[in-house]
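See below for the structure under consideration.
The values are calculated or read from the model by the stated rules, or taken from the named source; none is laboratory data. Since the model is a prediction, treat every value here as computed from it, not as a measurement. All Cβ positions, even for glycine, are placed from backbone atoms using ideal geometry, and neighbour counts span all protein chains on display. Note: accessible area is taken over every heavy atom of the protein model, side chains too, but ligands, DNA and RNA are not part of it. Shrake-Rupley method; radii C 1.70, N 1.55, O 1.52, S 1.80 Å.
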Amino acid sequence: MHEFRVQVGPAAFRIGSQWKRPLDQLAELYRDYPVPAIPDYTVRLEPVSLLRRFVRQSVAINGDYMLPDAAPLPLAQGLLAAEMAMNLQMALGWRRHLLLHASAVEKDGKALIMTGQSGSGKSTLAAMLGHRGWRFMGDEFVLVDLDSGDAVPFPRLISLKNQAIGAMLATALDGRFGPLMPATPKGDIRHLVPPSDAIAHMARPAKPALLLFPSFGFDPAVRDVAPSEVFMRLTQASTNYVALGERGFTTLTRFVQTVPARAIDYRDGIEAEALVNQLWAECA
Amino acid sequence: MTHDGMILVDALRDPSGTARLDPAGWTALLTIARVEQLLGTLARRLSGLPVPDAVSDILAEARVNAEYQRRSALWEADCARRALVDYSGKVVLMKGTAYVAAGLKAGEGRHIGDLDIMVAQCDLPQVETALLKAGWEWVKDDAYDDAYYRDHMHELPPLIHKERDRMIDVHHTILPLTARPRPDAAAMLADAACLANGLYVLSPADMLIHSAAHLFADGELDGGLRNLWDIHCLIDEWADDVFWAELARRAAQHQLLAPVERAVRLSHRLYGTEIPDPWRRWHRQDKHYVRRLIARDNWGRGTHKFTRLIFYIRSHWLRMPPMMLARHLWVKWRKSA
């Protein structure tokens with residue numbers, strides 16, 4: 001078993017693999033991240049069967065927390081398998097913060113949080129803003145502190161999908177991209193190392209100041225969202241709200257009562273950035 | 001290292017011994033505890049002891065999880081109670097839910113999955129109807145599986161609640177009907193004790209016997225270290241001369257003396273449970289059981305593939321007579337091919 005360890009925000013991972021290559025790719029992309037001594041979660045990339053260790057190599061995702069019906073991936077997508085497995089540990093295991101399926105960026109100690117269905121553009125928006133004057137905090141999970149209500153960063157590798165890959169190639173630095181993985185179950189995927197300030201300050205939380213529900217592909221518009229709807233949508237965006245019990249309820253209630261929320265529609269990054277700047281000036 | 005399960009056994013038996021662990025040792029311990037579903041239990045055992053900061057965070061998380069599981073288990077039991085409010089027979093909670101509902105040490109920090117209840121066999125149609133009416137649905141839509149459960153198993157086919165996504169297993173006895181021992185289910189129900197909420201739990205001896213039967217007379221020993229920890233806690237909770245005499249008498253009545261004796265011996269051997277001398281006679285096959293129970297490496301993977309295979313075959317052998325086993329495996333193979 002080859003081994004790789006990495007600390008992302010407050011979470012520490014140990015990844016074991018029967019093959020060396022996916023771990024070499026991880027080590028290269030996570031080169032600036034700390035290495036933990038005692039990991040929170042263990043992930044294993046293993047052959048589906050002994051035969052599949054050598055022929056048409058196929059990676060099964062195992063670890064502390066597993067989905068019974070997780071489909072194996074070809075070895076060429078081993079890096080994606082590792083990232084999916086780390087996300088899975090967070091989604092199923094994390095109990096130290098209220099976990100929201102959302103992206104976030106920071107400015108002046110305040111956090112802009114974006115949540116929505118897959119395809120809403122929340123991940124691409126965070127990646128873009130993170131390269132245009134904001135500090136990138138994460139494109140997958142936002143961790144809300146159960147005592148202070150602060151947003152805690154989880155700046156794992158940015159997972160770019162389909163058209164977002166081309167858009168970010170024009171924006172981000174060379175040498176920070178992982179290999180292009182075409183035609184994965186999630187479309188074309190290419191990982192991007194977050195900007196260096198995102199990694200350097202990954203232990204620094206921010207006060208949530210604005211919550212956006214972006215929708216990509218519509219004429220630009222801004223709508224208010226009622227607190228009751230925000231609450232319901234965030235319970236759905238959280239994987240551990242129920243498990244945290246009363247503390248989850250208290251934390252989410254405070255979040256909804258103190259953070260202004262808007263839904264925005266946009267057709268491209270320029271429109272989105274203009275809307276974000278306008279709302280940030282009004283609300284945050 | 002292929003016997004790393006011992007690192008977990010040692011930590012549960014003597015928590016202060018973890019002071020000697022280095023980071024690699026802690027990593028192995030936490031990984032194995034998680035895969036054996038004993039992390040919550042370990043967190044309880046290590047309460048108040050000095051541990052590295054990273055470990056302390058992981059154990060705190062495990063306590064939150066255990067509390068969540070306790071809360072959901074009790075809630076699910078109450079949902080079943082309300083669904084069966086018009087049923088006049090006893091509804092007996094079993095396994096993890098019973099331990100937390102009765103406030104037993106075995107329930108502290110314990111992982112709890114499905115809800116297991118037991119009712120009288122003759123009342124199964126009434127209970128089944130009430131549960132279906134309250135929103136539970138069949139998991140299996142396969143006619144062979146359904147018929148197999150109804151004809152040969154000790155429980156109804158599993159039901160899942162359509163809104164809460166939680167499973168319930170409705171037992172009418174504690175072993176498959178095809179197994180050789182025939183436990184006295186009527187006596188178990190008759191002696192079950194009433195809780196404040198109107199639900200029941202098995203008598204102390206029967207509770208331990210059920211746990212031992214589950215461990216050594218039924219399955220392939222998956223999750224065995226947790227089951228054995230339950231047995232350790234149950235003995236610790238109740239052991240006195242009267243209990244030991246009752247346990248032996250009752251186990252014989254249920255035709256389960258051998259698995260109960262083995263459970264008691266192995267609990268003593270692995271977890272240091274105090275047991276009377278007559279129960280300590282070591283059996284030459286016990287070492288194979290120990291080997292199977294602790295077969296984990298420091299990545300949490302099962303080791304000793306051959307020992308595991310033998311116990312897998314044994315689990316089917318115990319469950320059904322040879323010709324029936326052959327037919328069952330044939331049908332299952334046909335469907336998978």
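What is the helix-to-structure angle for B:124-133, meaning the angle in degrees between its Cα long axis and the longest Cα principal axis of chain B, kept from 0 to 90 and rounded to the nearest 10?
It is inclined by approximately 80 degrees.
If amide hydrogens are placed 1.01 Å from N in the peptide plane, which non-local residues have theirs closer than 5 Å to the one on residue B:116?
Residues meeting the amide H criterion: B:94, B:97, B:169.
Where both residues lie in the protein assembly as shown, what percent of DSSP beta bridges are antiparallel, nearest 5?
Expressed as a percentage, antiparallel bridges in the protein assembly as shown total about 70.
Treat each spin label as a single point 7 Å out from the Cα along the C-beta direction, and report the residue A:277 to residue B:142 distance in nm.
6.1 nm
Given H placed on each backbone N at 1.01 Å, which residues far from residue A:210 in sequence or on other chains put an amide H within less than 5 Å of it?
A:111, A:113
For a quick check: with amide H placed at 1.01 Å from N, whose amide H comes under 5 Å from residue B:296's, ignoring anything fewer than 5 positions away on the same chain?
Result for residue B:296 returns B:4, B:5, B:303.
Return one number: the angle in degrees, 0 to 90 and rounded to the nearest 10, between the long axis of the Cα atoms of helix B:322-336 and the longest principal axis of the Cα atoms of chain B.
In chain B, helix B:322-336 runs at an angle near 90 degrees to the longest axis.
So what's the angle, to the nearest 10 degrees on a 0 to 90 scale, between helix B:224-238 and the longest Cα principal axis of chain B?
The helix B:224-238 is inclined about 90 degrees to chain B.
Taking 30 Å² as the minimum loss, tell me which residues in the range A:37-80 lose that much accessible area going from the chain by itself to the full protein complex (1.4 Å probe).
A:38, A:40, A:44, A:64, A:65
Classify chain A as rounded, prolate or oblate from the Cα gyration tensor: take a ≥ b ≥ c as the square roots of its eigenvalues, call it rounded if a/c is under 1.5, otherwise prolate when a/b beats b/c and oblate if not.
It is prolate, given that a/c is not under 1.5 and a/b is the larger ratio.
Read phi for every residue in the range B:37-52 and hand back ³J(HN,Hα) as whole Hz from Karplus 6.51 cos²θ - 1.76 cosθ + 1.60, θ = phi - 60°, with x for Gly and Pro.
6, 10, 5, x, 5, 4, 4, 5, 5, 8, 3, x, 8, x, 9, x
Between residue B:284 and residue B:253, what is the spin-label point distance in nm, taking each point 7 Å from the Cα along the Cα→C-beta axis?
In this crude spin-label approximation the distance works out to 3.4 nm.
Which value, in square angstrom to the nearest 100, describes the accessible area buried between chains B and A on both sides, using a 1.4 angstrom probe?
1900 Å²
Provide the percentage of antiparallel DSSP beta bridges, counting only those with both residues in chain A; round to the nearest 5.
Looking only at bridges with both residues in chain A, the antiparallel portion is about 70 percent.
Give the relative contact order (percent, whole number) for the range A:78-183; include only Cα pairs under 8 Å separated by 6+ residues.
Relative CO of the range A:78-183 lands at 23 percent.
Apply the a/c threshold of 1.5 to the C-alpha gyration tensor of the range A:42-199 and tell me whether it is rounded, prolate or oblate.
Judged from the Cα gyration tensor, the range A:42-199 comes out oblate (a/c at least 1.5, b/c at or above a/b).
If the only charges are +1 at each Lys and Arg Cβ and -1 at each Asp and Glu Cβ, what is the size of the charge dipole of chain A around the Cα centre, to the nearest 20 debye?
The dipole magnitude comes to about 600 debye.
Put +1 on the Cβ of each Lys and Arg and -1 on the Cβ of each Asp and Glu in the protein assembly as shown; which of A:258, B:5, B:173 then has its Cα farthest toward the positive end of the dipole?
B:5
Under the Karplus relation 6.51 cos²θ - 1.76 cosθ + 1.60, θ = phi - 60°, what is the ordered set of whole-Hz ³J(HN,Hα) values for the range A:242-249, x standing for Gly and Pro?
Coupling constants for the range A:242-249: 5, 5, 6, x, 4, 5, x, 4 Hz.
Report the extension gain between residue B:47 and residue B:310 in nm, rounded to one decimal, defined as 0.36 nm multiplied by the number of residues separating them, less their alpha carbon distance.
90.9 nm
Looking at the range B:5-336, how many pairs of lysines come closer than 15 Å at the Cα, when each pair is eight or more places apart or spans two chains?
Qualifying lysine pairs in the range B:5-336: 5.
Compute the label zone of residue A:171 within the range A:184-205: residues whose backbone N is under 17 Å from the point 7 Å along Cα-to-Cβ.
Answer for the range A:184-205: A:189-199.
Each label point is 7 Å from the Cα along the Cα-to-Cβ direction; what then is the distance between the points at residue B:78 and residue A:3, in nm?
4.5 nm
What is the range A:2-93 by shape, rounded, prolate or oblate, if you read a ≥ b ≥ c off the alpha carbon gyration tensor as root eigenvalues and call it rounded for a/c under 1.5, prolate for a/b larger than b/c, and oblate otherwise?
Cα axes put the range A:2-93 in the oblate bin.
Please compute the net charge surrounding residue A:220, taking Lys and Arg as +1 and Asp and Glu as -1 over other residues with Cβ under 9 Å from its Cβ.
-2
Counting DSSP beta bridges in chain B, what percent are antiparallel, to the nearest 5?
Here the share of antiparallel DSSP bridges comes out near 65 percent.
Return the carbon/sulfur percentage of the accessible area of the protein assembly as shown, one whole number, probe 1.4 Å, all protein chains in place.
In the protein assembly as shown, the share of accessible area belonging to carbon and sulfur is 54 percent.
Keeping all protein chains in place, calculate the accessible area per residue for the protein assembly as shown (probe 1.4 angstrom), answer in Å².
43 Å²
Where in the range A:1-36 does accessible area fall by at least 20 Å² between the isolated chain and the complete protein assembly, at a 1.4 Å probe radius?
Those are A:1, A:14, which lose 20 Å² or more relative to the chain on its own.
Computed FRET efficiency, Cβ-Cβ of residue B:182 and residue B:19, R0 56 Å: what is it to the nearest 0.05?
The pair residue B:182/residue B:19 has a calculated efficiency of 0.70.
How high is the relative contact order of chain A? Use alpha-carbon pairs under 8 Å, at least six apart in sequence, and give a whole percent.
That works out to 17 percent.
Per 5 Å bin, what is the whole-percent P(r) computed from every C-alpha pair distance within the range A:1-54?
4, 21, 27, 24, 13, 7, 5, 1
For every helix of n ≥ 4 consecutive DSSP H residues, a contribution of -39,500 (n - 2.57) applies; sum these over chain A, divide by its total residues, and give [θ] at 222 nm rounded to the nearest 500 deg cm²/dmol.
Using -39500 (n - 2.57) per qualifying helix, the result is -9000 deg cm²/dmol.
When you look at the Cβ of every residue in B:62-69, what mean number of other chain Cβ atoms sits within 10 Å?
4
Using alpha carbon centroids, what distance separates the range B:100-129 and the range A:1-79, in Å?
Between the Cα centre of the range B:100-129 and that of the range A:1-79, the gap is 38 Å.
Residue A:27 to residue A:204: FRET efficiency via 1/(1 + (r/R0)^6), r the Cβ-Cβ distance, R0 30 Å, to the nearest 0.05?
0.75
Taking θ = phi - 60°, what integer Hz values does the Karplus form 6.51 cos²θ - 1.76 cosθ + 1.60 yield along the range A:163-178, in sequence order, with x for Gly and Pro?
5, 4, 4, x, 4, 7, 4, 7, 9, 8, 6, 4, x, 10, 9, x
Using all Cα-Cα distances in the protein assembly as shown, what percent lands in each 20 angstrom bin from 0 up to the longest?
17, 47, 30, 6, 0
Just round it to a whole percent: the fraction of Cα-Cα distances in the range B:5-336 exceeding 24 Å.
More than 24 Å apart: 57 percent of the Cα pairs in the range B:5-336.
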